[in-house]
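Student: Quick one: structure below, then a few questions.
The values are calculated or read from the model by the stated rules, or taken from the named source; none is laboratory data. It should be emphasised that the depicted structure is a prediction, and the values quoted were computed from it without experimental measurement. Methodologically, a virtual Cβ is constructed for each residue, glycine included, from the backbone with ideal geometry; neighbour enumeration extends over all protein chains shown. These accessible areas exclude ligands, DNA and RNA; they are computed on the full protein's heavy atoms, side chains included. Shrake-Rupley method; radii C 1.70, N 1.55, O 1.52, S 1.80 Å.
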Amino acid sequence: MGRKLLLEHIHVPGINTLAVYREKGGYRAVEKALKTMSPEDVVEEVKKSGLRGRGGAGFPTGMKWSFLAKPEGVPRYLVCNGDESEPGTFKDRYLMNNIPHALIEGMIVSSYALGANTSYIYIRGEMMPQIRIIENAIQEAKAAGWLGKNILGTGYDLEIYVQPGGGAYICGEETALLESLEGKRGNPRIKPPFPAVAGLYGCPTVVNNVESIAATVPIVNDGGEEYAKIGIERSTGTKLISASGNLVKPGVYEIEMGLPVEEFIFSDEYCGGIANGKRLKAVVAGGSSVPILPANLITKTINGNPRLMTYESLADGGFVSGTAMGSGGFIAFDEDQCIVRNTWNYTRFYRHESCGQCSPCREGTGWMEKLLYKIESGNGSLADIDLLWDIQRRIEGNTICPLGDAAAWPVAAAIRHFRDEFEWHILNPGESQQRNYGLAHYADPLEPVTQ
Ligand SMILES: Cc1cc2nc3c(=O)[nH]c(=O)nc-3n(C[C@H](O)[C@H](O)[C@H](O)COP(=O)(O)O)c2cc1C
Ligand code: SF4
């Protein structure tokens, strides 16, 4: 059994309450940090832990914290990113739903480390249950003296506020999130300046994912070196993976970094294999933005070793034969799934969610969606595949924020690995049209689906 640092007590009745969370050792990290460590000590432990951001980009958390500007007389902010809108990703809401105090405790030690006296938790607006749960947990913690003025008599003050998200995927991008938190439309900002210098209300700000913040609790409790003993290379600690698709046991799993991908998919401890006795066809390993890989590449052997659930191993082969850990949204496709249809579906999402500031993203996502629909519905030509390839290449790297890349990569990977399926749709228009029973009513991709 792999070690569990975040979900160890997930099945304990009442673990969502402060009383039971405390019984299981909760808030020890706050006592330890505030009473025995300086803010710099906490930053140092997080650096030693090797923790990397769990929101998608995998940037080292301790390093990000050390970039925070500290001008005299200017407030600093910690903003927790709980927007979680990436298709296939549902781990943060699971944590907030079941062990809300793990996030509140992480917020307190992280805010202390950064010298923030006001912090925010930005939660996707559609996730009302989680918003209420976190608000209740804040009230409970405050009533018990873990938040507010002079916490534990240490002289440290902290208030945490919850902000419901603006209702768009782009509000999860950190600068769009800050705009939205300031009450504006969630459009990404041009960087630099980075939030560490000019973030919320122009003040130095750290934006971290829910899971990254919760992970600071075991790091403070056990020490950064202990945390770094779990995992391999620059992938340390544990990772929450939300597994979905054609799996026997979809769900949220906490894995030790370094678990072989094949073991994650097929062992009974985790996903239990592919549902209905079918064969694995492909995997999207880290949320819809990362390149899809066919079964033989996701389970391939690298220098005599199996591919592992680490940042490095998943990326082995670059985007030619590798992928990325991303946000840990692991989607498995069985042999009956249509990759073209799936790519069209993702692209439709990105077209809808593009904020429209950059032409390559605004125009390119719409164009790709139309072409994919054309091919999927049996009306495409072979030249459309090359056009699609060309469009995605012109989006990648040419936009203000990474949503453009996120829209381009799935299309590139689908063509790279499953070109034969695109060709099949084009060369078998009759069969292709018949298979598209669910799309019969869907005349124009720009019209909303009414069914
Ligand atoms: C379009 C887009 C959506 C994003 N959505 C999220 C999200 O829902 N949650 C999240 O933590 N990070 C999201 N990110 C990444 C954030 O910009 C940022 O890197 C992250 O919150 C930093 O936290 P971390 O260092 O702890 O990972 C998104 C990025 C992009 C480009
Ligand atoms: S890449 Fe897309 S979502 Fe990001 S700023 Fe440009 S138009 Fe907006």
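Student: Just to verify a result, which residue in region 144-179, among those that are among the charged types (D, E, K, R) and within 16 Å of ligand 1 (Cβ to nearest atom), is most open to solvent (accessible area, probe 1.4 Å)?
Tutor: Taking the candidates together, the pick is Glu174.
Student: Can you run down the residue pairs with Cβ atoms below 7 Å, 6 or more apart or on separate chains, where the first is in region 350-372 and in contact (Cβ under 8 Å) with a residue 12 or more places away in the chain and the partner is of a type in the set (D, E, K, R) and open to solvent by less than 30 Å² (accessible area, probe 1.4 Å)?
Tutor: Pairs found: Arg351/Glu369; Leu371/Asp384.
Student: Now, a different point. So which of Trp367, Trp344 is away from ligand 2 (no atom under 16 Å from the Cβ) and hydrophobic (A, V, I, L, M, F, W, C)?
Tutor: The conditions single out Trp344.
Student: Would you point out which residue out of His441, His417, His425 is surrounded by 18 or more Cβ atoms within 10 Å (Cβ to Cβ) and either over 29 Å from the mean Cα position of the chain (by Cα) or modelled with pLDDT under 95 (or both)?
Tutor: Just one listed residue meets the conditions, His425.
Student: Now a separate question. Return only the number of the condition from (1) out of contact with any helix residue (DSSP H, G or I) (no Cβ under 8 Å at 6 or more places or on another chain); (2) within 16 Å of ligand 2 (Cβ to nearest atom) that Ala19 does not satisfy.
Tutor: Only one criterion in (1) out of contact with any helix residue (DSSP H, G or I) (no Cβ under 8 Å at 6 or more places or on another chain); (2) within 16 Å of ligand 2 (Cβ to nearest atom) is unmet by Ala19, namely (2).
Student: Filter region 331-353 for residues that are open to solvent by 20 Å² or more (accessible area, probe 1.4 Å) and touching a helix residue (DSSP H, G or I) at 6+ places or on another chain (Cβ under 6 Å) and give the result.
Tutor: The answer is Arg341, Tyr346, Arg348, Arg351, Glu353.
Student: Which residue is farthest from Arg362 (Cα to Cα), if the candidates are limited to region 180-197 and must be more than 16 Å from ligand 2 (Cβ to nearest atom) and open to solvent by less than 30 Å² (accessible area, probe 1.4 Å)?
Tutor: Filtering region 180-197 for residues that are more than 16 Å from ligand 2 (Cβ to nearest atom) and open to solvent by less than 30 Å² (accessible area, probe 1.4 Å), the one farthest from Arg362 (Cα to Cα) comes out as Ala196.
Student: Is at least one residue of region 146-164 hydrophobic (A, V, I, L, M, F, W, C) and under 30 Å from Thr310 (Cβ atoms)?
Tutor: Within region 146-164, not a single residue is hydrophobic (A, V, I, L, M, F, W, C) and under 30 Å from Thr310 (Cβ atoms).
Student: OK, next. Anything in region 387-406 that is more than 11 Å from ligand 2 (Cβ to nearest atom) and either among the aliphatic types (A, V, I, L, M) or open to solvent by less than 20 Å² (accessible area, probe 1.4 Å) (or both)? List them, or say none.
Tutor: Leu387, Leu388, Ile391, Gln392, listed by residue number.
Student: Further question on the same structure: Pairs, please: C-beta under 6 Å, at least 6 apart or cross-chain, first residue within 18 Å of Ile151 (Cβ to Cβ) and in region 28-57, second within 14 Å of ligand 1 (Cβ to nearest atom)?
Tutor: If the second residue must be within 14 Å of ligand 1 (Cβ to nearest atom), the pairs left are Pro39/Ala113; Val42/Ala113.
Student: Which condition breaks for Tyr122 when tested against (1) open to solvent by 30 Å² or more (accessible area, probe 1.4 Å); (2) in contact (Cβ under 8 Å) with a residue 24 or more places away in the chain?
Tutor: (1)
Student: Please tell me if Gly326 is open to solvent by 40 Å² or more (accessible area, probe 1.4 Å) and within 26 Å of Arg189 (Cβ to Cβ).
Tutor: Spelling it out, it is not the case that Gly326 is open to solvent by 40 Å² or more (accessible area, probe 1.4 Å) and within 26 Å of Arg189 (Cβ to Cβ).
Student: What is the residue count in region 267-291 for residues that are open to solvent by 20 Å² or more (accessible area, probe 1.4 Å) and not small (Gly, Ala, Ser)?
Tutor: Here the count works out to 7.
Student: Something else about it: Could you tell me which numbered condition Gln163 fails, if it satisfies all but one of (1) part of a strand (DSSP E or B); (2) within 16 Å of ligand 2 (Cβ to nearest atom)?
Tutor: (2)
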